[in-house]
1. Collect the residues in segment 189-213 that are open to solvent by 10 Å² or more (accessible area, probe 1.4 Å), more than 11 Å from the ligand (Cβ to nearest atom) and touching a strand residue (DSSP E or B) at 6+ places or on another chain (Cβ under 7 Å), keeping them in residue-number order.
2. Consider only pairs whose beta carbons are under 8 Å apart and that are at least six residues apart or on different chains; among these, list those whose first residue lies in segment 197-220 and is under 17 Å from Ala103 (Cβ atoms) and part of a loop (DSSP other than H, G, I, E, B) and whose second residue is of a type in the set (Ser, Thr, Tyr) and away from the ligand (no atom under 13 Å from the Cβ).
3. Contact list please: Cβ distance under 6 Å, first residue in segment 52-73 and closer than 17 Å to Ala226 by Cβ, second residue in a helix (DSSP H, G or I) and open to solvent by less than 40 Å² (accessible area, probe 1.4 Å), pairs at least six apart or on different chains.
4. All but one of (1) at pLDDT below 95; (2) under 25 Å from Ser7 (Cα atoms) hold for Leu181; state the number of the condition that does not hold.
5. Testing Ile185 on (1) over 11 Å from the mean Cα position of the chain (by Cα); (2) open to solvent by less than 60 Å² (accessible area, probe 1.4 Å); (3) in contact (Cβ under 8 Å) with a residue 60 or more places away in the chain; (4) more than 23 Å from Ile154 (Cα to Cα), one condition comes back false. Which one is that?
6. May I ask you to verify whether Asn19 is open to solvent by less than 60 Å² (accessible area, probe 1.4 Å), in a loop (DSSP other than H, G, I, E, B) and modelled with pLDDT under 85?
Amino acid sequence: MKQFDYSSWALDTLLVHSNKLSHTTNNSGKPTVEPIYTSTTYLHLNAEMLNQSFSGRLPSGEPAYVYARQGNPNAQALEAVLAQAEKGVGAVVFGSGMAAIHAALLASRTVFVPVGVEVVLHDLCSSNVIEIVRAEQPDVIYVETLSNPLAKVIDLDTISAVAQEAGAMSIVDSTFTTPYLVKPIEHGFDLVVHSATKYLGGHGDATAGVVISARNNVVEQLHGYATMLGAMLSAFDSYLITRGLTRI
Ligand SMILES: *Cc1c(COP(=O)(O)O)cnc(C)c1O
């Protein structure tokens, strides 16, 4: 099968050709639009195949599925497009923007410590942002590219640099800007979150969220949260967001 080098493609080209990223639609005689897989469970011919499928792949390299909460072709198709669009290494979609933000924050701490997490609010659009971060020494810095609802603009390069200096995970909510306007991973951010309910979906008929990661180990962690917390995105909503995003 021909391998495409998507990294050099312009965003519009990437989005309209994104069906080529999909696992199930890239062979001759297969539908060009990903069918909607509503099945919650998947067939396995024997216990060995079932066991193998838990890894997400068969020995042939074909994707394999077990249960809807652990993985679904429509959700994976959307994740593949979003990871490429944001130039991340992977993405995990969630049932809402808030579920995505929750998972991103959980992934920012190696151990889940719900008690003792202190939230401090600062205006990081201010000119003394470097001093603020140096004084706080946070574990996580969470900002919005354009704030909702005031549309304040943040300096992404400064924030990511000072986060790195402080050893903090940097997370940015890019809902208002979308990869069409800015790709925060290119500005040094660790995680990008979106409420896909807004512009990524674009039709106002589906609620969804996504976290895009610059690092592989965090993608695994996020996928674990989607699975274990039951916060994954449904097949139909994955289809709706993919359709909003890729078929202009
Ligand atoms: C809407 C919104 C959210 C919450 O997303 P839901 O999909 O409603 O859960 C988070 N961040 C921003 C910037 C938003 O506009």
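1. Once the filter is applied, which keeps residues that are open to solvent by 10 Å² or more (accessible area, probe 1.4 Å), more than 11 Å from the ligand (Cβ to nearest atom) and touching a strand residue (DSSP E or B) at 6+ places or on another chain (Cβ under 7 Å), segment 189-213 yields only Asp190.
2. Ala208/Ser238
3. Val66/Ser53; Arg69/Thr227; Gln70/Thr227; Asn72/Ala235
4. The failed condition is (1).
5. Of everything listed in (1) over 11 Å from the mean Cα position of the chain (by Cα); (2) open to solvent by less than 60 Å² (accessible area, probe 1.4 Å); (3) in contact (Cβ under 8 Å) with a residue 60 or more places away in the chain; (4) more than 23 Å from Ile154 (Cα to Cα), Ile185 misses just condition (4).
6. For Asn19, the condition - open to solvent by less than 60 Å² (accessible area, probe 1.4 Å), in a loop (DSSP other than H, G, I, E, B) and modelled with pLDDT under 85 - is not met.
The values are calculated or read from the model by the stated rules, or taken from the named source; none is laboratory data. Everything numeric in this text was worked out from a predicted model, so none of it was measured. Backbone-built Cβ (ideal geometry, glycine too); neighbour counts: all protein chains shown. For accessibility, only protein heavy atoms count, side chains too; no ligands or nucleic acids. Shrake-Rupley method; radii C 1.70, N 1.55, O 1.52, S 1.80 Å.
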